[in-house]
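In what follows, a structure is listed as structure tokens, so that the remarks can point back to it.
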Amino acid sequence: MGSYAGGMTDTQNTQSLINARGLGKTFAAKGGAVDAVSNLNLEVRRGELVAFLGPNGAGKTTTLRLLTTLLTPSSGEATVAGCSISRDPAGVRRRIGYIGQGNSAGHNQRVRDELLSQGAFYGLTRRDTAVRADELLESLDLGSLAHRQVIGLSGGQKRRLDIALGLIHRPELLFLDEPSTGLDPQSRANLWKHIVDLRDDFGTTIFLTTHYLDEADQLAERVLVMDHGEVIADDSPAALKSRLAGDRITVTFDSAADARAALRHTGGETSGAIVTLTAEAAAAGERAVPQLVRALDAAGLAPVAITHRQPTLDDVFLNLTGRSLREEGQSAPASNPQEVAA
Amino acid sequence: MITLTQTPPTSTPPRTGVATDTWNVLVRELRPVLRDPFSALFSLVQPLIFLGLFGPLLVASSGLPAGETLQWFVPGILVMVALFGTASTGANLLGEMQTGSHERTLVAPLSRSALLMGRALKEVVPLIVQGLVICLVSLPFGFTVSVPGLLLGFVLLAVFGIGFGALSYSVALACRGRDWMFWIIHQTVIFPLMILSGMLLPLDDAPGWMKVAAAVNPLSYVVQAERDLFAGSLGTPAVLGGFAAAVITAIIGLMVGIRGMRRA
């Protein structure tokens with residue numbers, strides 16, 4: 001397996017591959033203009049694996065489409081892989097890979113043919129394209145499907161072909177838009193492995209959008225949380241959870257009266273017979289549980305169950321916005337806004 | 001277990017020109033046709049039905065020999081093939097817009113004009129194959145054709161087909177997410193164009209308003225030019241008129257189409 005991350009200098013390793021300043025996009029919609037993305041400042045360094053997390057309609061895909069030159073910004077500017085998205089969109093396109101939400105191979109095309117065409121689009125020689133296509137077909141377990149029509153592939157196979165198409169020219173920066181949407185758990189796990197391999201083994205810088213909490217949590221070393229077109233948090237998943245959520249301890253009693261009585265000793269919130277300790281109260285994590293048991297025992301209160309859990313990125317989003325990302329993610333707004341000229 | 005392998009990276013992909021991009025798009029579009037050439041022959045069913053069922057009616061009603069009637073009718077059938085084939089081609093783009101295929105090509109470093117021109121040029125190949133088959137089928141029934149006229153006739157059809165195909169792509173780009181709208185426009189435009197071109201029935205005895213409508217229909221000039229070319233009359237005013245109409249259609253189609261592709 002070839003690796004080229006190790007061959008990079010420190011300067012290259014810390015080089016900024018995405019740099020956005022005041023980036024904004026406004027769409028015309030019924031009832032007035034909508035700021036899909038507003039005043040976005042963002043820097044992604046070479047070799048980072050960054051997840052853009054937020055509910056449907058938060059502005060993730062619009063941001064991605066701005067950075068990949070599919071949309072022109074209404075305000076601000078961004079440099080991607082050293083090229084301006086406004087002044088040199090062709091330069092950006094030559095340097096990036098893009099794997100969109102939909103299946104990107106033509107349905108009536110053969111699998112290998114589509115890879116050959118994609119290589120030609122990026123100016124690779126016929127020989128290099130053929131070598132690269134066979135290499136990707138083999139590594140993504142598509143070798144036996146090389147001469148099959150795309151329309152006959154399963155969802156997971158099509159997704160692997162999407163990855164191959166996005167990688168044919170060995171991009172230094174790869175954008176993935178909700179890569180695992182619609183995949184079964186096994187295909188999703190496979191996809192995650194491919195993404196991590198790309199970063200770890202080849203030093204590819206990866207920028208992905210997702211509304212799956214576990215995807216951002218497990219894959220990314222850095223998470224940007226977006227809501228209503230603005231980035232509202234930017235840190236590692238662990239730091240975000242530690243700083244903005246804290247551990248959760250839930251104490252269940254036989255009755256709501258006991259739960260209310262316990263509240264005086266534990267803090268937190270009650271809901272029926274359940275007490276949920278706030279982030280601050282549960283900050284000590286699992287070490288707080290024995291102290292809690294002793295305090296309740298001293299007060300003559302006997303809990304039925306005590307559970308402790310690590311915070312999730314949903315807790316982070318809840319603390320930031322007062323809404324649950326899980327619920328938001330399930331109610332995607334169905335709109336077809338019109339672009340407002342920059 | 002699947003493991004990604006990757007040869008060492010090359011430098012940034014080189015810049016490519018519009019001609020190279022157009023060629024690469026054309027090759028991509030043609031590959032499915034070359035892999036499965038019978039699919040192109042299936043689109044012959046409609047013109048062959050017209051030839052087989054409408055032809056005898058024309059022969060009977062005109063009272064002229066079959067060969068003479070086919071001499072008038074076959075060029076019209078070829079223009080009909082070009083019209084129907086290229087007018088529907090935007091539907092392919094609609095399909096690619098619904099998946100992510102079109103979006104992928106927009107992120108690739110291809111010029112927008114090449115994306116349109118490569119697709120439009122692709123329509124020429126099946127058009128010529130179908131035209132040859134129809135001519136060959138008609139030969140045993142007394143149809144004759146001038147070879148230089150046939151070649152020029154195909155050039156004329158190709159120019160018109162590129163323009164009309166580009167217009168079909170423009171409509172598809174404008175109807176993104178609304179397939180029904182594309183087909184309404186398709187049906188609304190294609191049948192008046194066909195009937196008012198005189199490709200199936202002569203317009204000599206048509207009412208005055210139909211003659212006026214036919215005079216502004218570029219297809220009328222293409223049909224008339226094809227009839228002259230197939231008869232071996234290569235330099236007539238009708239031929240010049242046909243080429244002028246096809247070139248104007250191509251210029252307008254490509255201009256509108258490239259503009260639409262740049263905004264896509």
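What strands (runs of 3 or more DSSP E) completely inside region A:221-261 contain at least 1 residues that are touching a strand residue (DSSP E or B) at 6+ places or on another chain (Cβ under 8 Å), acidic (Asp, Glu) and surrounded by fewer than 22 Cβ atoms within 10 Å (Cβ to Cβ)?
Numbers: elements: A:222-227, A:230-235, A:248-252.
Hits in region A:221-261: A:230-235.
Inspect region A:86-102 for any residue being more than 11 Å from chain B (Cβ to nearest Cβ) and within 25 Å of A:Glu178 (Cβ to Cβ) and give the result as yes or no.
For region A:86-102, residues more than 11 Å from chain B (Cβ to nearest Cβ) and within 25 Å of A:Glu178 (Cβ to Cβ): absent.
Search region A:154-188 for residues being farther than 22 Å from A:Gly143 by Cα and outside any loop (DSSP other than H, G, I, E, B), and hand back the single one that is farthest from the chain's Cα centre (by Cα).
A:Pro185
Taking only pairs six or more apart or across chains, which ones have beta-carbon atoms under 6 Å, a first residue in region A:35-52 that is more than 20 Å from A:Ala238 (Cβ to Cβ) and open to solvent by 10 Å² or more (accessible area, probe 1.4 Å), and a second residue that is at pLDDT 90 or above and of a type in the set (Lys, Arg)?
A:Ala36/A:Lys25; A:Asn41/A:Arg21
If the requirement is being on the phi > 0 side of the Ramachandran plot, surrounded by 20 or more Cβ atoms within 10 Å (Cβ to Cβ) and not acidic (Asp, Glu), which of these qualifies: B:Gly153, B:Gly198, B:Gly165?
B:Gly198
For region A:114-137: of the residues being out of contact with any Leu (no Cβ under 8 Å at 6 or more places or on another chain) and open to solvent by less than 10 Å² (accessible area, probe 1.4 Å), which is farthest from the other protein chains (Cβ to nearest Cβ)?
A:Gly119
Right, B:Thr236: more than 27 Å from B:Leu57 (Cα to Cα) and touching an Asp or Glu at 6+ places or on another chain (Cβ under 9 Å) or not?
yes
Name the helices (runs of 4 or more DSSP H) wholly within region B:72-174 that hold at least 3 residues that are among the basic types (Lys, Arg)? Can you show your working first?
On the way: elements: B:90-98, B:101-107, B:112-122, B:124-138, B:147-174.
The qualifying helices (runs of 4 or more DSSP H) are B:112-122.
Starting from region B:124-145, take each residue that is without any contact (Cβ under 8 Å) to a residue 24 or more places away in the chain and under 17 Å from B:Pro47 (Cα atoms) and list its partners that are part of a helix (DSSP H, G or I) and of a type in the set (A, V, I, L, M, F, W, C), counting only C-beta distances under 9 angstrom and pairs at least six apart or across chains.
Within 9 Å, the pairs are B:Leu132/B:Leu150; B:Leu132/B:Phe154.
Given (1) within 14 Å of chain A (Cβ to nearest Cβ); (2) within 25 Å of B:Gly153 (Cβ to Cβ); (3) modelled with pLDDT of 85 or more, where does B:Ser39 come up short, assuming only one miss?
Condition not satisfied by B:Ser39: (3).
Quick one: which residue in A:Asp297, A:Asp315 is at pLDDT 85 or above and of a type outside the set (Phe, Trp, Tyr)?
Of A:Asp297, A:Asp315, the one residue that is at pLDDT 85 or above and of a type outside the set (Phe, Trp, Tyr) is A:Asp297.
For the subset of region A:62-80 comprising residues that are open to solvent by 10 Å² or more (accessible area, probe 1.4 Å) and within 11 Å of chain B (Cβ to nearest Cβ), which member is farthest from the chain's Cα centre (by Cα)?
Ranking the qualifying residues of region A:62-80, first place goes to A:Thr72.
Is one or more of the residues making up region B:163-179 at pLDDT 90 or above and more than 13 Å from B:Gly90 (Cα to Cα)?
Checked region B:163-179: no residue is at pLDDT 90 or above and more than 13 Å from B:Gly90 (Cα to Cα).
The values are calculated or read from the model by the stated rules, or taken from the named source; none is laboratory data. These numbers were taken from a predicted model, which means no experiment stands behind them. Methodologically, a virtual Cβ is constructed for each residue, glycine included, from the backbone with ideal geometry; neighbour enumeration extends over all protein chains shown. Accessible surface is based on the protein model in full, side chains and every heavy atom, while ligands, DNA and RNA are left aside. Shrake-Rupley method; radii C 1.70, N 1.55, O 1.52, S 1.80 Å.
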